[in-house]
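**Student:** Attaching a single structure in structure tokens format; questions to follow.
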Amino acid sequence: MVLSIQEFKEAGLTKKFLTKSPLIQCITNEITCETMANSLLYIGAKPIMADDPREFGELFQQIDALLLNLGHISPEREENLVQASSKINAFDKPVVVDLVGVGATQLRLQLGKALLLNQPDVVKGNMSEMRSFCGLASNGKGVDGSQLDQTSESLSELTMKLKELTKEYPNTVFLATGPIDLVVSSESCFQLSNGVPELDSFTGTGDIVGAIIAACLTDDYTTVEAVLTGISYFNICGEKSRDSLGDSPALADFRHYTLNHLSVLKEGYEWVKQIKGVDC
Ligand SMILES: Nc1ncnc2c1ncn2[C@@H]1O[C@H](COP(=O)(O)OP(=O)(O)O)[C@@H](O)[C@H]1O
Ligand SMILES: Cc1ncsc1CCOP(=O)(O)O
Ligand SMILES: [Mg+2]
């Protein structure tokens, strides 16, 4: 079902952010693991951070969605990610892959491509990571995106490459994040523009978005709607945090208030009216 941003917003004005308390299994990195787990709790979901393949059979029956995050790789973590990615498909549960650092090493790039073969519902990364993933030159540093990859030409170039990928992976929605967030599916394309620059200044913001999208995928949303909802919700939490801090440069406070708003914003529908985006 192709929808416009306007239609999406109108529908969101009468739809509770999360109607259930989904159990989300996260195979993720140690750097942002606790932040991710608490962010899921703040939005009303339940996290389980578990990556031992010996548990997958029992866990995959219980969980509502799976998040695979490439943030911290080791031979064991790589094997766990690959096994989870192939075994989950027998359980028909939504899957989000977060391509953290795929622009930094060939190891991560090849692993990301291997995980795509299993047709996850959502594949995300920052703009620089997604450019690397699509074979485009990238200015990313480590796991961070670069403003140099955010020009309108870069966005158009990446949009074309992601559209090509959807021809081969029609069931996967691709998300490239940054000042402008690009959401590309086989049927639609959106550019979202919520959030504030400070969201690029504490670690884990992209990771949290991946986890929130995984939770939204378990609810009454299409995959595209889950991506639009998850990233917009998080970014507007960042906007609220910025508002409450005025012009204070205190980034730890900004992080605190952003995470605080995760449990506050969803109490109403006002936040939906603030979603900014265009069809592309
Ligand atoms: N300059 C910015 N202005 C507004 N929002 C931003 C900006 N940079 C990042 N964001 C938002 O912060 C979140 C993380 O994006 P990004 O920093 O690109 O990912 P990562 O943390 O994986 O590098 C996304 O929701 C994105 O929309
Ligand atoms: C700093 C760092 N190093 C490996 S994973 C990680 C966190 C990345 O989080 P995000 O992709 O949300 O910025
Ligand atoms: Mg990231």
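**Student:** In terms of modelled amide H atoms, which long-range or inter-chain residues lie less than 5 Å from the amide H of residue 221?
**Tutor:** Close amide H contacts, sequence-distant or interchain: none at all.
**Student:** May I ask for the longest run of the chain untouched by GluC sites (Glu not before Pro) that are loop-located per DSSP and have at most 13 neighbouring C-beta atoms (other than their own) within 10 Å?
**Tutor:** That would be 31-186.
**Student:** Taking the range 121-153, which trypsin sites (Lys or Arg not before Pro) meet the DSSP loop condition and have no more than 10 other C-beta atoms within 10 Å?
**Tutor:** none
**Student:** Residue 26's amide H: which non-local residues (gap 5+, or another chain) put their own amide H closer than 5 Å, with H modeled 1.01 Å from N in plane and none for Pro or chain starts?
**Tutor:** The answer is 48, 49, 50, 67.
**Student:** Now, a different point. Relative contact order for the chain: what percent, with Cα pairs under 8 Å and sequence separation of 6 or more?
**Tutor:** 21
**Student:** Given a Förster distance of 45 Å, report the FRET efficiency between residue 107 and residue 264 from their Cβ-Cβ distance, rounded to the nearest 0.05.
**Tutor:** Taking R0 as 45 Å, the efficiency between residue 107 and residue 264 is 0.70.
**Student:** I've got another one for you. Can you work out the Karplus-derived ³J(HN,Hα) for every residue in the range 152-160? Use 6.51 cos²θ - 1.76 cosθ + 1.60 with θ = phi - 60°, whole Hz, and x for glycine or proline.
**Tutor:** For the range 152-160, the Karplus curve yields 5, 5, 4, 5, 5, 4, 5, 4, 4 Hz.
**Student:** To check my understanding: the extent here is largest minus smallest coordinate of the Cα atoms along each principal axis. What are those three numbers for the range 5-279, in Å, largest first?
**Tutor:** 46, 41, 37
**Student:** Scan around residue 70 for amide H atoms under 5 Å from its own, H built in the peptide plane at 1.01 Å from N, and keep only partners 5 or more places away or cross-chain.
**Tutor:** HN-HN under 5 Å from residue 70: 98, 100.
**Student:** While we're on this one: Hey, got the dipole for the chain? About the Cα centre, +1 on K and R Cβ, -1 on D and E Cβ, debye to the nearest 20?
**Tutor:** In debye, rounded to 20, the chain gives about 200.
**Student:** Arrange the following residues from fewest to most other Cβ atoms within 10 Å of their Cβ: 24, 275.
**Tutor:** Result, fewest neighbours first: 275, 24.
**Student:** Here's another thing I want to ask about it. How high is the relative contact order of the range 170-270, in percent, with contacts defined as C-alpha pairs under 8 Å that are six or more residues apart?
**Tutor:** After rounding, I find 22 percent.
**Student:** Follow-up. Quick one: work out the % antiparallel among DSSP beta bridges in the chain, nearest 5.
**Tutor:** 35
**Student:** Pull out the extension gain between residue 73 and residue 193, defined as 0.36 nm times the separation in residues minus the alpha carbon to alpha carbon distance; nm, one decimal.
**Tutor:** On the way: separation 120, 0.36 × 120 = 43.20 nm, distance 3.10 nm.
40.1 nm is the gain from fully extending residue 73 to residue 193.
**Student:** Exactly which chymotrypsin sites (Phe, Trp or Tyr not before Pro) in the range 175-278 are in a DSSP loop and have at most 11 other Cβ atoms within 10 Å?
**Tutor:** none
**Student:** May I ask you to list the lysines whose Cα is less than 19 Å away from that of residue 113, ignoring any residue fewer than eight positions away on the same chain?
**Tutor:** By straight Cα distance, residue 113 reaches 87, 124, 161, 163, 167.
**Student:** Just to be sure I understand the model, the point goes 7 Å from the Cα along the line to the Cβ. What's the resulting residue 34 to residue 163 distance in nm?
**Tutor:** 4.5
**Student:** Applying the Karplus parametrisation 6.51 cos²θ - 1.76 cosθ + 1.60 with θ = phi - 60° to the phi angles of the range 133-143, what ³J(HN,Hα) value in whole Hz is obtained for each residue in order, glycine and proline being reported as x?
**Tutor:** 3J(HN,Hα) across the range 133-143, in whole Hz: 4, 8, x, 9, 4, 10, 9, x, 10, x, 9.
**Student:** From the backbone phi of the range 236-249, what are the Karplus-calculated ³J(HN,Hα) couplings (6.51 cos²θ - 1.76 cosθ + 1.60, θ = phi - 60°) in whole Hz, Gly and Pro given as x?
**Tutor:** Here the 3J(HN,Hα) series is 6, 4, x, 5, 5, 5, 4, 4, 6, 9, x, 9, 5, x Hz.
**Student:** If you don't mind, another one. Using 7 Å Cα-to-Cβ label points, what is the residue 250/residue 148 separation (nm, one decimal)?
**Tutor:** Each label point is offset 7 Å from its Cα along the Cβ direction, giving 3.5 nm.
**Student:** Here is a follow-up. Take 247, 149 and order them by how many other Cβ atoms sit within 10 Å, fewest up front.
**Tutor:** Ordered from fewest to most neighbouring Cβ atoms within 10 Å, 247, 149 come out as 247, 149.
Coordinate-derived values only; no laboratory data. Just so we're clear, the structure is a prediction, and the values are computed from it rather than from any experiment. Please note: Cβ atoms are built from the backbone with ideal geometry, for glycine as well, and neighbour counts cover all protein chains shown.
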